[in-house]
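Scroll down for the structure; my scribbles are underneath it.
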Amino acid sequence: GTPEKPILITRLPGERVRLMTARKKTVFHVPEGSLGITFRGLELDGDAHNDHWTVLQRSWWRVNDEVAGAWNGFRVDGQHIIIEGCYIHDFNQKAIEVSQGRYV
């Protein structure tokens, strides 16, 4: 895509899309060099129903790492990326991690 004509990743009208990923993963990684992408109307579920203090006790130093769920909904390293109208929930770290991304 381009900033003026982005690629659209969305759902069909009336459809409900719920995307999940494996433990310690990210649902969407937008790699460096990606340009002009719009994500619209998606549900991203990290399935990380962990108590904060339990995570700190069991996983902080990666000893007995039993933490459930995914890390991030999006990891963005591309440019001109739009994320709108998405329901992003229950991730261990972030809904959206902008690492090397620009114009997000």
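The values are calculated or read from the model by the stated rules, or taken from the named source; none is laboratory data. As the structure is a prediction and not an experimental result, all values here were calculated from the model. Here the Cβ positions follow ideal geometry from the backbone for every residue, glycine too, while neighbour counts run over all protein chains shown. In case anyone asks, the SASA skips ligands and DNA or RNA and just uses the protein heavy atoms, side chains included. Shrake-Rupley method; radii C 1.70, N 1.55, O 1.52, S 1.80 Å.
Note on the stretch 1-42: residues that are over 23 Å from ARG102 (Cα atoms) and not hydroxyl-bearing (Ser, Thr, Tyr) total 13.
Only a single item in (1) open to solvent by 70 Å² or more (accessible area, probe 1.4 Å); (2) in contact with a helix residue (DSSP H, G or I) (Cβ under 9 Å, 6 or more places away or on another chain) is not met by ASN50, and it is number (1).
In this structure, does LEU56 turn out to be farther than 23 Å from ASP77 by Cβ, of a type in the set (A, V, I, L, M), without any contact (Cβ under 8 Å) to a residue 60 or more places away in the chain and open to solvent by less than 80 Å² (accessible area, probe 1.4 Å)?
Working: farther than 23 Å from ASP77 by Cβ: yes; of a type in the set (A, V, I, L, M): yes; without any contact (Cβ under 8 Å) to a residue 60 or more places away in the chain: yes; open to solvent by less than 80 Å² (accessible area, probe 1.4 Å): yes.
It is true that LEU56 is farther than 23 Å from ASP77 by Cβ, of a type in the set (A, V, I, L, M), without any contact (Cβ under 8 Å) to a residue 60 or more places away in the chain and open to solvent by less than 80 Å² (accessible area, probe 1.4 Å).
Remark: pairs (first residue in the stretch 1-29, in contact (Cβ under 8 Å) with a residue 40 or more places away in the chain; second residue assigned to a loop (DSSP other than H, G, I, E, B) and among the aromatic types (Phe, Trp, Tyr); Cβ separation under 7 Å; 6+ apart in sequence or on different chains) = LYS24/TRP71; LYS25/TRP71; THR26/TRP71.
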